[in-house]
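The values are calculated or read from the model by the stated rules, or taken from the named source; none is laboratory data. Everything numeric in this text was worked out from a predicted model, so none of it was measured. Glycine also receives a Cβ, built like all others from the backbone with ideal geometry; neighbour counts cover every protein chain displayed. Quick note on the areas: whole protein, heavy atoms, side chains included, nothing else; ligands and nucleic acids left out. Shrake-Rupley method; radii C 1.70, N 1.55, O 1.52, S 1.80 Å.
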Amino acid sequence: MRGQARQSRGDVPQPHAQLHATEPVLFRHATASALESPTIEQETETRDELDLPWQVVVHNDPVNLMSYVTMVFQKVFGFTRERAEKHMLEVHQEGRSIVWTGVRERAELYVQQLHGYLLLATIERVR
Amino acid sequence: MEIRRQGDVLEIAELDPFLAELLRQVPDSTNPESDESAAARLFSLPAVESETELCSEWKLYVEPELRRLFQTATETVAADLRQLNGTAKPFANCTLRIPRKHAEAWLSALNQARLVIAAKYGFTEAELSDHYRSPIGSRRDLGLFQVNFYGFLQEFILQELE
């Protein structure tokens, strides 16, 4: 799709080109092609929007050590120690913490990693 | 018991026979098969049950991978624990040396064991936080001691990894 759009843009006359009798036709063609590209981009964005509202939630677990949970957050999400501790304390005190929000596929991958570290984690649709 | 780091090795020295036996039990303790609640804890659902497609795909594709991951960690730990076998004097204190590169496997196996034991006996948060509990008088008390002892080792390994 992006390749096609680039091809279409190649038909657009250069700014310094002189206008001839045939040019309006060429220009019309180029404009029509250029209009197709934004439509395609629009579709991509819409699909992303549908994918977006998922969040990774970590739930409280009395067995997992606080220091262990902090380490896991740092490893999986690359959080700073401060940020990892903030989420860990949220899990401990509030019972759950939203640690990531984004597209479903990536959220599933994060949950898989968290389960690999034996944390109680789920993905949820953002409501 | 003394616990220290010697270069690239984490060393647990002066292990008395009781603690050595608890360590030997780590691999077996990670097995949740005999207990439904323990298995449910190790292989928890990735979403609410109403997300049926997601949950069933998870069981089919992700759970076997997780099983392999946990099994690999347990096998590494079991191999390290062979050092504790065949000591000349059966009741003598012994030393366990854990290569630093096995630290993650130990963290995983100790965590698996703690989760399985805690699920099996249904320990409450209050019980797990009570470090001044009376001496071991039952199999359940021993389980709680195991969970706390393994937790202590996890803390040490985490400190050494920092």
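Figures for the structure shown
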| read-out | value |
| --- | --- |
| Residue match in the range B:82-92 (condition: more than 9 Å from chain A (Cβ to nearest Cβ), surrounded by fewer than 16 Cβ atoms within 10 Å (Cβ to Cβ), of a type in the set (Ser, Thr, Tyr) and more than 19 Å from A:Leu114 (Cβ to Cβ)) | yes |
| Residue within the range B:23-38 that is open to solvent by 20 Å² or more (accessible area, probe 1.4 Å), among the aliphatic types (A, V, I, L, M) and either at pLDDT below 95 or within 20 Å of A:Tyr117 (Cα to Cα) (or both) present | no |
| Considering residues of the range A:56-81 that are open to solvent by 50 Å² or more (accessible area, probe 1.4 Å) and assigned to a helix (DSSP H, G or I) only, the residue nearest to B:Phe152 (Cα to Cα) | A:Met66 |
| Positions within the range A:102-127 being open to solvent by 80 Å² or more (accessible area, probe 1.4 Å) and either within 26 Å of B:Leu69 (Cα to Cα) or modelled with pLDDT of 95 or more (or both), in sequence order | A:Glu105, A:Arg106, A:Leu109 |
| So B:Glu75, is it assigned to a helix (DSSP H, G or I), more than 21 Å from A:Asp61 (Cα to Cα) and modelled with pLDDT of 95 or more | yes |
| Test: residue in the range B:40-61 that is more than 26 Å from A:Val56 (Cα to Cα), open to solvent by 70 Å² or more (accessible area, probe 1.4 Å) and more than 10 Å from chain A (Cβ to nearest Cβ) | no |
| Residue list for the range A:82-99, restricted to those being of a type outside the set (Asp, Glu) and open to solvent by 50 Å² or more (accessible area, probe 1.4 Å) | A:Arg83, A:Lys86, A:Leu89, A:His92, A:Gln93, A:Arg96, A:Ile98 |
| Residue selected from the range B:65-81 under the condition away from chain A (no Cβ under 12 Å) and not β-branched (Val, Ile, Thr), by the criterion nearest to B:Asn111 (Cα to Cα) | B:Gln71 |
| Hits in the range A:109-127 - residues which are closer than 17 Å to B:Glu51 by Cα, at the interface with chain B (Cβ under 9 Å from one of its Cβ atoms) and free of Cβ contacts under 8 Å to residues at least 24 places away in the same chain | A:Gln112 |
| Out of B:Leu54, B:Leu19, sole residue that is modelled with pLDDT under 95, part of a helix (DSSP H, G or I) and closer than 19 Å to B:Asn111 by Cβ | B:Leu19 |
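Residue-by-condition table, conditions (1) more than 12 Å from the chain's Cα centre (by Cα); (2) within 9 Å of chain A (Cβ to nearest Cβ); (3) aliphatic (A, V, I, L, M); (4) on the phi > 0 side of the Ramachandran plot:
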site	(1), (2), (3), (4)
B:Tyr121	yes, no, no, no
B:Asp130	yes, no, no, no
B:Arg140	yes, no, no, no
B:Phe149	no, no, no, no
B:Gln154	no, yes, no, no
B:Leu161	yes, yes, yes, no
